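Chemist: Can you keep this structure in mind? I'll have questions shortly.
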Amino acid sequence: MTIKARALSHAGTARDESAVLEPIADGALLDAYSQAVIHAAEVVSPSVVYIEVTHRPAAQREPRPAPGTAPERQRPGPHATGSGFIFTPDGYVLTNSHVVHNAARIDVALNDGRRSRAELVGDDPDTDLAVIRIGANDLIAAKLGDSHSIRVGQLAIAIGNPYGFQYSVTAGVVSALGRSLRSQSGRLIDNVLQTDAALNPGNSGGPLVSSSAEVIGVNTASILPAQGICFAIAINTAKIVAAQLMRDGRVERAWLGIAGQNVDLHRRIVRFHDLKTQSGVMAASIEIDSPADRAGLKRGDVIVGFGGQPVAGSDDLQRLLTGDQVGKKSDVAIIRGTERIVYEIVPASRPAPRS
């Protein structure tokens, strides 16, 4: 309710009219910000799902039971929960890798109360993305947007299931673009969106939505000691990863077969060889019969370039080792002692990580 008052004045005299109470509809009280959040939440929420995961139990090395005795029953693995969203009408769901990785069983609860078992199509720990599939009818798929069109300061709405509370909505703005985030596999995720829309445990894998009800990111992490610093994988990255997971069950990346560590180079070596970087990746070990081994690299070599691009550290090298490099000849520049040597190398497809 609001009060309208009107005062009229006449030639030195004033007369106040009686205050008139006029009801105002709730819709008129909602500003544009609230309307945008409500619209986006109502459009996208039917696509958001709640995910319950039972992980495989950890491998236990125990002595075999004596003859005639029954083995101890294996205990079930730990449980985890998270969020996800349907992005195709035939039941494909996008979520985080850390939610479903090494899952023995995946159960999904839809927004309308239905429950369904899900199968893991594939997950990619390097980008913390995964695709699962449910067998259900009449599904509503979320509309995927374009993260390249995102601007700092625009509205960002996070939808998920924090602590198991289905369909929870938080809103904020896009705080920054082009951030980098370290995945659990150790690889650096590029082009990450930073937002101040609150993300709590259980929001992982849920959609980050624009005011036009388009998914612009996949919620993945928050900085626990800080307030208002949360991250989402850009939806353009998610589109590429999801397509490969649906096709192959994994994301192919090039592999050299070295275990490397970042090292600084002596300034004299940098100046003598006119290097563009002052550091590189030292091969701490080289796997037998790997691309690096076949190319002639040795333990202790420092990689300073790959494919004509400078390499200052392992993140640079990983960024260059995309799936397009598999089977292609490339030049790798190394420093051995004080000498700069260029080898021809053919990266292979990286072996799948062990569960």
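Chemist: Exactly one of (1) modelled with pLDDT of 85 or more; (2) in contact with a strand residue (DSSP E or B) (Cβ under 9 Å, 6 or more places away or on another chain); (3) within 28 Å of Ala197 (Cα to Cα) is unmet by Thr54. Its number?
Modeler: (3)
Chemist: Continuing with this model, one more query. Answer yes if at least one residue in region 198-205 is under 13 Å from the mean Cα position of the chain (by Cα), farther than 15 Å from Gln154 by Cα and in a strand (DSSP E or B), and no otherwise.
Modeler: No, every residue in region 198-205 fails to be under 13 Å from the mean Cα position of the chain (by Cα), farther than 15 Å from Gln154 by Cα and in a strand (DSSP E or B).
Chemist: Test each condition in (1) assigned to a helix (DSSP H, G or I); (2) in contact (Cβ under 8 Å) with a residue 12 or more places away in the chain for Ile240 and report the one that comes out false.
Modeler: Going through (1) assigned to a helix (DSSP H, G or I); (2) in contact (Cβ under 8 Å) with a residue 12 or more places away in the chain one by one, Ile240 breaks only (2).
Chemist: Which of (1) open to solvent by less than 60 Å² (accessible area, probe 1.4 Å); (2) modelled with pLDDT of 90 or more; (3) outside any strand (DSSP E or B); (4) not hydroxyl-bearing (Ser, Thr, Tyr) does Gly84 not meet, given it meets every other one?
Modeler: Here Gly84 meets the rest and fails (3).
Chemist: Would you check if there is a residue in region 229-236 being assigned to a helix (DSSP H, G or I) and at pLDDT below 95?
Modeler: The answer is yes; a qualifying residue exists.
Chemist: Of everything in region 192-223, what is surrounded by fewer than 16 Cβ atoms within 10 Å (Cβ to Cβ) and either small (Gly, Ala, Ser) or touching a residue at least 24 places away in the same chain (Cβ under 8 Å) (or both)? Give them in sequence order.
Modeler: Of everything in region 192-223, those that are surrounded by fewer than 16 Cβ atoms within 10 Å (Cβ to Cβ) and either small (Gly, Ala, Ser) or touching a residue at least 24 places away in the same chain (Cβ under 8 Å) (or both) turn out to be Pro201, Ser212.
Chemist: When you go through (1) assigned to a loop (DSSP other than H, G, I, E, B); (2) free of Cβ contacts under 8 Å to residues at least 60 places away in the same chain one by one for Ile140, which number turns out not to apply?
Modeler: Unmet for Ile140, out of (1) assigned to a loop (DSSP other than H, G, I, E, B); (2) free of Cβ contacts under 8 Å to residues at least 60 places away in the same chain: (2).
The values are calculated or read from the model by the stated rules, or taken from the named source; none is laboratory data. All values derive from a computational prediction rather than experimental measurement. All Cβ positions, glycine included, derive from the backbone under ideal geometry; neighbour counts span all protein chains shown. Keep in mind that these areas ignore ligands, DNA and RNA; they rest on the heavy atoms of the full protein, side chains included. Shrake-Rupley method; radii C 1.70, N 1.55, O 1.52, S 1.80 Å.
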